[in-house]
Structure formats: C-alpha cells, structure tokens
1. Shape of region 88-225 from its Cα gyration tensor (a ≥ b ≥ c, root eigenvalues): rounded if a/c is under 1.5, otherwise prolate when a/b > b/c, or oblate?
2. Using the 10 angstrom Cβ neighbour count as an exposure proxy, how do 64, 224, 185, 57 rank, fewest first?
Amino acid sequence: MLDTGFHQAAGLNSFTPQAQLRVLAVASQDRASSGLEMLWQICANLQRLGYPVVVLDGTALETDEAPGLSHLLQAPWNDGLDAGASATSVAVLPAARGLAQLQRQAYSEGAPPLQGLLPYFRAYGMLVLHAPAGLLGPLLTHTSTIPLAVMENGSAGVLACYKSLKQIATHSGLPCTVASVLQGDSAAERRKTLGALRTLQDCAERHLGGRVRTTTVSANKPHDVQRLALQLLENAGTISGSLGTLPSGSLKGFSGAPAQFVRSH
C-alpha cells in the first residue's frame with residue numbers, strides 16, 4: 001500500500017509542465033486510531049480521484065533504516081521524487097525532523113515554510129501534512145489550506161481537539177474542519193457525538209472568536225469518507241510561486257473564515 005521512490009532520474013519531471021501541488025493538512029492526535037484510519041481512507045479516495053498522494057508523516061522520525069524528509073532536504077541533488085511508482089498507492093515519508101527543520105528555517109529566514117518543498121514533490125498532485133497541531137500550525141502560515149482535525153470520543157477527545165484548533169489558529173489564523181467518526185448507526189451514538197461537536201463549537205466561538213465547521217463520518221459508509229475527501233480537496237491550498245498569505249500569529253484569519261465554514265453536521 002505504501003510506496004516511495006527516490007532516484008535522480010526523477011529530475012526529468014521538473015521539465016514537464018505540472019499542475020499546482022495542492023496541500024492538505026491533518027492534525028494528529030495521541031493514540032487516535034480512528035483519526036489515523038480516517039487519514040488513510042481520505043488519501044486512498046484522493047488517489048482514486050486522480051491525485052497522486054504523498055504523505056509527510058510528522059509523527060514518524062526519520063532514520064537511516066527509514067529515510068525521510070530530513071534526508072531529502074540534505075540531499076546534494078534537487079531532482080525530486082518520482083510519483084510513477086505510486087500511481088496506485090500512497091507514498092509516505094517519515095518527516096518529524098524535516099518538518100521541524102522547515103519550521104526553524106521559516107522563523108529564521110522569514111520565508112514561506114513550505115515553498116522549498118515544491119521541487120521535491122512536483123510530480124505529485126497532493127501533499128498531505130500529518131503532524132501534531134503545534135508543528136503543523138506554523139507550517140501553514142502562507143497557505144489557505146483548511147486543516148482537518150479528527151475528534152475522538154468523550155470529553156478527553158473534545159479537549160484534545162480544542163487544543164489542536166487553538167494551536168493552529170494561533171500560529172496560522174486558519175480555521176479547521178472537525179470530523180468525528182461514528183462506529184455504528186445507533187441514534188444514541190449520533191446524539192452523543194453531535195452534542196460533543198456542539199460543545200467544541202461553543203468553546204471555539206467563545207475563546208477563539210470564530211466558528212468551526214463540523215461533520216460526522218460513518219465508519220461503515222464509504223460515501224461519507226468520499227464526501228469528506230472532496231470537501232478537503234475543495235479547500236486545499238497550493239504550493240506555487242504566489243501563495244495566498246494569511247496573517248501569522250493572530251486569530252484574525254480564524255474569525256474571518258470563509259463563509260462556507262459555518263455550523264453543519
């Protein structure tokens with residue numbers, strides 16, 4: 001399922017006209033099995049829609065045995081990765097150190113954090129950043145991408161998700177889409193989940209000054225995951241020569257969220 005190809009001949013891709021590389025961001029949660037499963041399902045749907053997907057996994061450390069983004073950034077060549085081997089599978093790179101490096105460079109140089117990734121991943125159609133919100137937020141300061149946060153069950157899930165929303169809003173000014181996974185079809189589970197989502201929305205409105213779009217996704221209904229994938233695709237930013245800049249380090253962009261990001265379930 002997971003496949004990645006490193007080779008210098010991939011540099012020929014840089015001479016071929018490419019569509020803009022889109023960016024999708026997913027905030028990771030500690031011990032969140034449903035969120036991780038949702039990530040892979042979304043990526044599989046995007047792949048089937050014709051977008052070769054590469055995931056930079058900020059929860060996984062690069063090692064010599066499992067090279068990743070940090071190795072790519074240190075490579076003496078800048079030929080990029082070949083998406084040909086991943087035409088039917090999702091490419092995944094460990095990226096915890098590499099994403100942290102991009103964050104530090106952005107702070108020290110004042111440059112768009114993701115801009116330098118374009119030459120490496122131009123052969124892909126979708127770049128998915130999967131990382132803790134504290135790492136993810138600063139990386140999104142120069143893109144209009146609407147991140148996804150998957151809320152786990154219970155009060156602990158609400159608290160963890162609110163923390164992610166706050167970190168992303170504080171660093172990038174961006175609102176998030178929040179999804180909660182329904183494991184069954186019972187009315188009781190749906191009522192409980194919708195109540196938790198309303199609590200999260202109320203907290204975001206009261207303390208972050210903006211509304212959050214929420215949705216439920218049934219684990220046993222593939223159409224729900226496809227719907228969410230299409231929503232995220234519609235609101236994905238791009239990496240290009242000119243990125244839509246949002247205010248960094250303020251909640252202004254959050255409270256000024258696009259009109260379609262209103263309460264919905």
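Quick note: the coordinates plus some simple rules give every number you see, no bench work behind them. Keep in mind that what you see is a predicted model, and the values were worked out from it rather than measured. FYI the Cβ positions are ideal-geometry reconstructions off the backbone, even for glycines, and counts take in every protein chain you see.
1. oblate
2. Going from sparsest to densest Cβ surroundings: 64, 185, 224, 57.
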